[in-house]
1. Are any of the residues in region 6-25 at pLDDT below 85 and under 30 Å from R55 (Cα atoms)?
2. Under the condition of being surrounded by 14 or more Cβ atoms within 10 Å (Cβ to Cβ) and touching a strand residue (DSSP E or B) at 6+ places or on another chain (Cβ under 6 Å), which residue from region 42-63 is nearest to C31 (Cα to Cα)?
3. Which members of region 26-41 meet the condition of being part of a loop (DSSP other than H, G, I, E, B) and surrounded by 11 or more Cβ atoms within 10 Å (Cβ to Cβ)?
4. Of all residues in region 1-25 being part of a helix (DSSP H, G or I) and among the polar types (S, T, N, Q), which is nearest to P41 (Cα to Cα)?
Amino acid sequence: MPNPKRKHTRSRRDSRRAQNWTLDLPSFVPCSNSSCGKMRPSHRVCPHCGFYGDRVVVAPKPAKKKGEEGGGAGPEASGEEAS
């Protein structure tokens, strides 16, 4: 078996190894639902409307309003009246 005549530098070795570690961004496609049309990852259920292909697969989650975040300790949560 042939052996290398000279040692390759760390730089040359590492640049060769770095070729396999390039990251690719996921591709996005428009939703197949004509009323939605938002961009979603390919081969995934649309997170906005729940469509995949030509039918609803998952019921969409209702959008939260600004003031509807849970865990509040206001007067409504403790049952006391505000004065």
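1. yes
2. C46
3. Here is the first cut: in region 26-41, the residues part of a loop (DSSP other than H, G, I, E, B) are 26-27, 31-38.
Across region 26-41, the qualifying residues are C31, S32, N33, C36, G37, K38.
4. For region 1-25, the residue satisfying everything is N20.
The values are calculated or read from the model by the stated rules, or taken from the named source; none is laboratory data. From a predicted model like this one, the values you see are computed outputs, not experimental measurements. Here Cβ is always computed from backbone atoms with ideal geometry, including for glycine, and neighbour counts include all displayed protein chains.
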